[in-house]
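Below is one structure, written out as structure tokens; the observations come after it.
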Amino acid sequence: MLQAFLHGIILAFGLILPLGVQNVFVFSQGATQPTFMRALPVVITASLCDTLLIALAVLGVSLIVLTFTWLKATLFTIGFFFLLYMGWVTWRSESQIKNGGHQSLPPKRQIIFAASVSLLNPHAILDTIGVIGTSSLTYNGGEKWKFALSCILISYLWFFGLAIAGRALGTLDRSGRWMKTINRISALLIWGVACYMAVQLITELS
């Protein structure tokens, strides 16, 4: 039981650590919201979306997704254009912290955007469903759900930590200079993931 729990922790941390669209958005909301409590909608939404994906993966949806080539190709095509758009929006966004003022998203928009970057990112979906789903096949019964619980726990801790780190930067960077730099770097990383996804799509279709 302990082995399954530790396996889930290590695997989930390895998947969630790379900087991606979801992480960037949670971090930026932590930085731009006037208080940490105001960033809770994005944190909870991102965590619940990961919980849903992990549960579907452990329940065996991974086998369905990975079986159909056309479904994978469709997901990668959607993801490619989605990430191109997200990279463009991130690159063009000026820092939302200027002269001590805040232009933060209201809770409803936080929830909608967090859900979209979590559930409309095929690369993240395939990572979660493919890697976690496949790994869960080595466990049965209680061990399988222990494994799933540890993955879910890491998601919650990670997103709370990201928002807290963003809040710390937002407090220190009153001019918004650092946030603008982070936005530009994030956009380049997002476009890099889109290019990688395009290569995978071409390989899948060839």
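Observations on the structure shown:
- Around PHE80: net Lys/Arg minus Asp/Glu count, Cβ-Cβ under 13 Å: 0
- Within a Gaussian network of the chain (alpha carbon springs, distance under 10 Å), most fluctuating of PRO107, PRO122, PRO34: PRO107
- Only protein heavy atoms count here; on that basis, with a 1.4 Å probe, LEU120 has an accessible area of about 90 Å².
- In order along the stretch 38-50, the phi-based Karplus estimate (6.51 cos²θ - 1.76 cosθ + 1.60, θ = phi - 60°) of 3J(HN,Hα) comes to 6, 8, 4, x, 6, 5, 5, 4, 4, 5, 5, 5, 5 Hz; Gly and Pro are listed as x.
- Listed residues LEU53, LEU149 arranged by accessible area, highest first, probe 1.4 Å: LEU149, LEU53
- Average accessible surface for the chain: 51 Å² per residue, computed with a 1.4 Å probe over protein heavy atoms with every protein chain in place.
- Selected from PHE81, LEU172, SER28, residue furthest toward positive end of dipole (the chain; charges at beta carbon): LEU172
- Restricting the stretch 119-198 to trypsin sites (Lys or Arg not before Pro) in coil, as DSSP defines it, with at most 14 other Cβ within 10 Å: ARG174
- Placing dummy labels 7 Å off each Cα toward the beta-carbon, the span from VAL199 to PHE81 is 2.4 nm.
- Residues of the stretch 122-146 with amide N under 13 Å of a point placed 7 Å along Cα→Cβ from LEU52: 125
- Here's the picture: charge each Lys and Arg Cβ at +1 and each Asp and Glu Cβ at -1 in the stretch 103-206, and of GLY161, LEU120, TRP191 the one pushed furthest to the positive end of that dipole is GLY161.
- Placing a pseudo-label 7 Å from each Cα along the Cα-to-Cβ vector at THR181 and LEU169 gives an inter-label distance of 1.0 nm.
- In order along the stretch 71-79, the Karplus-derived 3J(HN,Hα) couplings, from 6.51 cos²θ - 1.76 cosθ + 1.60 at θ = phi - 60°, round to 5, 4, 5, 5, 4, 5, 5, 4, x Hz, and Gly and Pro are given as x.
- Estimated at the nearest 10 Å², the accessible area of CYS195 is 80 Å² with a 1.4 Å probe.
- Taking 7 Å steps out from each Cα toward its Cβ at LEU137 and ILE64 produces label points 1.7 nm apart.
- Solvent accessible area, Å² - TRP91, 1.4 Å probe, full protein context: 90
The values are calculated or read from the model by the stated rules, or taken from the named source; none is laboratory data. Everything numeric here is computed off the predicted structure, so don't read it as measured data. Because the Cβ atoms are built from the backbone with ideal geometry, glycine has one as well, and the counts that use them run over all protein chains shown. Heads up: the accessible areas ignore ligands, DNA and RNA and are worked out on the full protein's heavy atoms, side chains in. Shrake-Rupley method; radii C 1.70, N 1.55, O 1.52, S 1.80 Å.
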